[in-house]
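The values are calculated or read from the model by the stated rules, or taken from the named source; none is laboratory data. Just so it is clear, the model here is predicted, and its values are computed rather than measured. Reconstructed Cβ throughout: ideal geometry from the backbone, glycine too, with neighbour counts over all protein chains shown. Remember, those area values only see protein heavy atoms, side chains included, never the ligands or the DNA or RNA. Shrake-Rupley method; radii C 1.70, N 1.55, O 1.52, S 1.80 Å.
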Amino acid sequence: MGSFSQAVRTSMLDAVGNAAAYSEAEVWAKLHIGDPGAAGTSNPAAETTRKQASFSAASAGAMTTDADLEWTNVSTSETYTHVSLWDASTGGNFLGSDDLSSSAGVTAGDTFRIPTGDLDMSLT
């Protein structure tokens, strides 16, 4: 995972240090054509649909997706370089972002896939 948002880091620290409840019920991935920035809103892809991600149980401070994330019939020809993570399918709160392991150029109408295990989150 590239980086968690400031809000997520603060909530995690409160959960550990102050016994505060912390939970993210859902994680949704959005594509970007450049770094999403600190708020997750910079360089959005024209393909605006967010896909729900599910993850394996955490182990050794890390976890990874347990299913493919797939965008079918993408709307625009462009090159995806990053992904942002959100707690809702639209709107919601920015959770963090990461760069894709390799930039992926797509043509309008293509299917774009992030394979199982290629999106991960870790605390180091």
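The charge dipole of the chain, taken about its Cα centre with unit charges on the Cβ of Lys, Arg, Asp and Glu (plus for the first two, minus for the last two), comes to roughly 180 debye. Okay, which of segment 23-49 sit inside 14 Å, backbone N to the point 7 Å along the Cα-Cβ direction of ALA67? From segment 23-49, the list is 26-29.
Rolling a 1.4 Å probe across the protein heavy atoms gives segment 51-124 an accessible surface of 51 Å² per residue. Taking 25 Å as R0, compute the FRET efficiency from the Cβ-Cβ separation of THR41 and THR10 and round it to 0.05. The value I calculate is 0.85. Using R0 = 25 Å, the C-beta based FRET efficiency linking SER101 and ALA25 works out to 0.40.
Just going by the charge dipole of the chain, with Lys and Arg at +1 and Asp and Glu at -1 on Cβ, which of THR116, ALA7, ILE33 is farthest out on the positive end? Comparing the listed Cα positions along the dipole, ALA7 ranks first. A simple spin-label model places pseudo-atoms 7 Å from Cα toward Cβ; at PHE55 and ASN93 they are separated by 1.5 nm. Sorting 71-84, 88-101, 51-64 by their mean Cβ neighbour count within 10 Å, with the most densely packed peptide first, gives 71-84, 88-101, 51-64.
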